[in-house]
Amino acid sequence: MLSADVVIVGGGHGGAACAIALRKTGFAGSILIVGREHELPYERPPLSKEYLLGEKVFTRILIRPESFWVDQRIDFRLGSRIVSVDPAEHRVQTEDGTTIGYDRLIWATGGTPRRLSCAGHHLKGVHTVRDRADADRMIDELPDVRTAVVIGGGYIGLEAAAVLTKFGKSVVLLEALDRVLARVAGEDLSRFFEAEHRAHSVDVRLGQVVDCILGDDRVTGVRLADGTVIDADMVIVGIGIIPEVAPLMEAGADGGNGVAVDTACRTSLPDIYAIGDCALHANRYADGTPIRVESVQNANDQATVVAKGIAGQIADYDAIPWFWSNQYDLKLQTVGLSTGYDATVLRGDPATRRFSVVYLRAGHVIALDCVGTVKDYVQGRKLVESAAVIAPEMLADTDVALKDMVG
């Protein structure tokens, strides 16, 4: 039986960051990362942007070169999926039947892309964008693609649409709700990005439900619930992820939409932690609501908390969430969580392509979406951290810097 002092399940941002942080704390025990992919840890965000565009080769998105992992005595078992966890015996089992023992287990598996359930979802040419293999399949097919249909108006879908237009493809974007980004942003930001994509010739269609994917072996089109048929040589599905936590739940861990963790990122199972996209935690920036935060920042910060905890230091996760999205020549930066907002303040003019949206809940600043306004993003962080109460008319005044509004 294999064994390690710390076994990390998942070779993405969270898993890699945790191994690195453990060594930085002075942890000298053995570390084994078990990953389902065959590659060393790499950055995920570029997959739908620079990597897909060919602007970055794979070696440039590696989190660390191979020599780093060797020097740090961090071992890997790649191409392996953990299918069961035995918390009483402190061991896990891989899909091929290999048993691995651990003293501490860190679950950093992230999630798997949510797939369509309609007929034709399995056809060739229907893609999700979650790992390198997904992006490579798309890259291989792109020369033969004239029209692509993107299903889902979240950030993954919008970023994919932007990249496809740069390749000169005809793009149709379908969103089931009445605006893009409806689950994560206010209407000002939604309408801005809808207009931007339309200005770049993306056919944005709102309130559209997919009936099925057409084709025999390979996709040829998408049929909507109203009977409309859209020709397609490629379909990209960006409708969220499902947290990959089944083995932990089957072992008795608390949770639901993810595995529940406390402020130290400990699960309800002894000596088992969870971090990143799969970790369900009470977040004060969401008014204490248990949520999963799908971001590199969250994975990295939770990884640091776990490493410190294992090293015997007191550490709790209370980091302010932040996100970013690059579309065309636009950079969107978000700080805080707009979940549960009851008012917004528009700061600047979207027509200039430089503006911010400030989100309020019961008068308190809880989040900002900043398009091309880096100063607002940096200075707005303090407003979110302090849950500042500031008059809306002052927030809207671009002649007053946000930093000057902090008491």
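Any read-out appearing in this document is the output of simple, stated calculations on the displayed coordinates, not a laboratory observation. Values in this document were obtained by computation on a predicted structure and should not be read as measured data. Backbone-built Cβ (ideal geometry, glycine too); neighbour counts: all protein chains shown.
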Quick one: Debye curve from the alpha-carbon atoms of the stretch 177-267 only, equal weights, vacuum; give me log10 I(q)/I(0) at q = 0.12, 0.14, 0.17 Å⁻¹ to two decimals. -0.65, -0.79, -0.90
How high is the FRET efficiency from VAL57 to VAL374, r the C-beta distance, R0 41 Å, rounded to 0.05? 0.90
Between ASP254 and ALA391, what length in nm is gained on full extension when 0.36 nm per residue of separation is reduced by their alpha carbon distance? 45.2 nm
Whole-Å semi-axes of the stretch 127-247's equivalent ellipsoid (Cα gyration tensor): 21, 18, 16
Expressed in µm² per second, the diffusion coefficient of the stretch 3-89 from the Stokes-Einstein equation, with Rh the Kirkwood radius over alpha carbon pairs, at 20 °C and 1.002 mPa s, is 154 µm²/s
Can you tell me what percent of all Cα-Cα pairs in the stretch 31-183 are more than 24 Å apart? 47 percent
Extent along principal axes [Cα atoms of the stretch 353-407; Å; largest to smallest]: 28, 18, 17
Cα to Cα, under 12 Å, and not fewer than 8 places away if on the same chain: which aspartates and glutamates meet these conditions relative to LYS403? ASP376
Connecting C-alpha atoms closer than 10 Å in a GNM of the chain, tell me which of LYS375, LYS331, LYS49 has the biggest fluctuation. LYS375
Per the 1/(1 + (r/R0)^6) rule, R0 = 35 Å and r from the Cβ atoms of ASP342 and ALA264, FRET efficiency to 0.05 is 0.65
Efficiency by 1/(1 + (r/R0)^6): what FRET value for TRP324 and ALA182, r their Cβ-Cβ distance, R0 = 22 Å, to the nearest 0.05? 0.70
Identify all lysines with a Cα-Cα distance to LYS24 below 24 Å; exclude those on the same chain that are fewer than 8 residues away in sequence. LYS308
Computed helical MRE - 222 nm, the chain, DSSP H runs ≥ 4 contributing -39500 (n - 2.57), nearest 500: -6500 deg cm²/dmol
Using a cut-off of 27 Å between alpha-carbon atoms, which lysines can reach LYS169, once sequence neighbours fewer than 8 places away in the same chain are excluded? LYS49, LYS56, LYS124, LYS331
Based only on Cα atoms, what mean projected area does the convex hull of the stretch 309-378 have, in nm²? 6.8 nm²
Work out the length of the dipole vector of the chain about its Cα centre, built from +1 on the beta-carbon of each Lys and Arg and -1 on the beta-carbon of each Asp and Glu, and round it to the nearest 20 debye. 540 debye
